[in-house]
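For reference, the structure is listed below as structure tokens.
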Amino acid sequence: MVKVKIKNLYKIFGKQPERAIKLLEEGKTKEEILKRTNQVVGLVDVSLSINAGEIFVVMGLSGSGKSTLVRCLNRLIEPTKGEILIDGKNIVEMSYKQLLEVRRKKMSMVFQSFALLPHLTVMDNVAYGLKIQGVPRDQRVEKAKQTLNTVGLQGWEDSYPQQLSGGMQQRVGLARALANDPDILLMDEAFSALDPLIRGDMQDELMDLQSKMNKTIIFITHDLDEALKLGDRIALMKDGRIVQIGTSEEILQSPATSYVERFVENVDRAKVLTAESVMKKPKPVVYLKDGPRFALRKMKEHGISSIFVVDQGKKVKGLLTAERAAQAIKDGSKRLGGYLETDYAKVPPNMIVSDIFKLMDRGLPVAVTSQEDQLLGIIVRGAIIQGLAGEVGNNE
């Protein structure tokens, strides 16, 4: 379900925005418009949809328009033209009173600077928004405690911000944003001020929290690795425009422009590509009812030394190697059951390639399986190498 829908959104900073928009429609660049009109182009015809419960990352270099976009979503910056629909209601047309209601109940924001009030305790910082809303003290204290527990800060309620590390202060900022239980969480470069190790920890914690909270999170960053790690989908911006929207793998494997291609060229693909993107279709396989001679013939036909064995429902029962099939024939057995390898790797389709490497030390193929244990695909070392080289695509 679509939670946020943006239609043809423009933001021009200056006193003659209509003139700047007209020049944009004529094909003039951001720099040309600044030179001719002294108007600064912030956003150009931005249209996108964000689904309920996803982490949607907006990324780009400095000046790309990403922070302008997120601030338009709650009208900290007033859009020049276009629509922003939250649950189908256009906030651009809302009165100030209606907008306050949306800000208080539907969305919260976490900034790069922690923006904590130094004279208030951690508890009172988290409960501050609830206090502004007029929530009774006992209720807001209880809610603040619950939220601090959620972000792992229980026991720090009576401390002051200056007594906390940078990562802990950002957790307080996150707890404050979550205290009023918003549907939408806006995070503008929220982890950029943190040291790299703490930043990585906060990214992991956000993903863990999201698995429990299922909020709609719009996350702004200039860091590609952060975007690839966090985003269910990513929008790349340049000069106020969206240049591509897609999953990490879609952007990595099929960059829409030379700009995007340059952006992703140094990405560690092993940390982005998943089992699903490098697996081969499960051909060939043999069934439990098939005998060892049939299995060996299949292996010979396809030039392989092992083959997965499945039942009639395509559930994996084991891996048969050529050596074990030959032993079954030597033993006079017509069945495969007692000769199957069961100590083989099985992974879900969303496991990243870097985690799959360590499972391949025995040289056996890896089975990609569904939650019901059905065989979806097979991974061999060659498939991973192809994927890392950017040759993923046919899955044959």
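The values are calculated or read from the model by the stated rules, or taken from the named source; none is laboratory data. Values in this document were obtained by computation on a predicted structure and should not be read as measured data. Note that we place each Cβ from the backbone using ideal geometry, even for glycine, and neighbour counts take in every protein chain shown.
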Can you find a residue that is surrounded by 15 or more Cβ atoms within 10 Å (Cβ to Cβ) and assigned to a loop (DSSP other than H, G, I, E, B) anywhere in segment 160-174? yes
Within segment 76-88, does at least one residue satisfy the condition of being of a type outside the set (Val, Ile, Thr), within 21 Å of residue 190 (Cβ to Cβ) and in the same structural domain as residue 227 (by TED's automatic domain parsing)? yes
Go through (1) in contact with a helix residue (DSSP H, G or I) (Cβ under 8 Å, 6 or more places away or on another chain); (2) under 26 Å from residue 50 (Cβ atoms); (3) assigned to a loop (DSSP other than H, G, I, E, B) for residue 112 and report which single condition fails. (1)
Identify, by number, the condition in (1) surrounded by 15 or more Cβ atoms within 10 Å (Cβ to Cβ); (2) in contact with a strand residue (DSSP E or B) (Cβ under 8 Å, 6 or more places away or on another chain) that residue 63 doesn't meet. (2)
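Quick one: which helices (runs of 4 or more DSSP H) sit completely within segment 1-83 and have at least 1 residues that are within 29 Å of the chain's Cα centre (by Cα), under 21 Å from residue 244 (Cβ atoms) and in contact (Cβ under 8 Å) with a residue 40 or more places away in the chain?
66-73
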Suppose we keep only residues that are in contact (Cβ under 8 Å) with a residue 40 or more places away in the chain and of a type in the set (Ser, Thr, Tyr) within segment 203-228. Which one would you say is nearest to residue 106 (Cα to Cα)? 216
Within the bounds of segment 266-276, is there any residue that is under 26 Å from residue 68 (Cβ atoms) and not aliphatic (A, V, I, L, M)? no
Quick count over segment 297-317, residues being under 17 Å from residue 341 (Cα atoms) and among the small types (Gly, Ala, Ser), is 2
Are any residues in segment 357-375 under 23 Å from the mean Cα position of the chain (by Cα) and at pLDDT 85 or above, and if so, which ones? 368, 369, 370, 371
Among the residues of segment 175-210 satisfying the criterion of being farther than 21 Å from residue 225 by Cα and among the acidic types (Asp, Glu), which is surrounded by the fewest Cβ atoms within 10 Å (Cβ to Cβ)? 181
Go through segment 101-131 and count every residue that is hydrophobic (A, V, I, L, M, F, W, C), farther than 18 Å from residue 187 by Cβ and either touching a Lys or Arg at 6+ places or on another chain (Cβ under 8 Å) or at pLDDT 90 or above (or both). 5
Taking segment 298-354 on its own, how many of its residues are in contact (Cβ under 8 Å) with a residue 60 or more places away in the chain and over 38 Å from the mean Cα position of the chain (by Cα)? 0
Residues in segment 278-310 that are buried (at least 18 other Cβ atoms within 10 Å of the Cβ), of a type in the set (Gly, Ala, Ser) and closer than 17 Å to residue 345 by Cβ: how many? 1
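For every residue, the table says whether it meets (1) out of contact with any Ser or Thr (no Cβ under 7 Å at 6 or more places or on another chain); (2) in contact (Cβ under 8 Å) with a residue 12 or more places away in the chain; (3) under 20 Å from residue 202 (Cβ atoms); (4) basic (Lys, Arg).
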residue	(1), (2), (3), (4)
104	yes, yes, no, yes
126	no, yes, yes, no
138	yes, no, no, no
148	yes, yes, yes, no
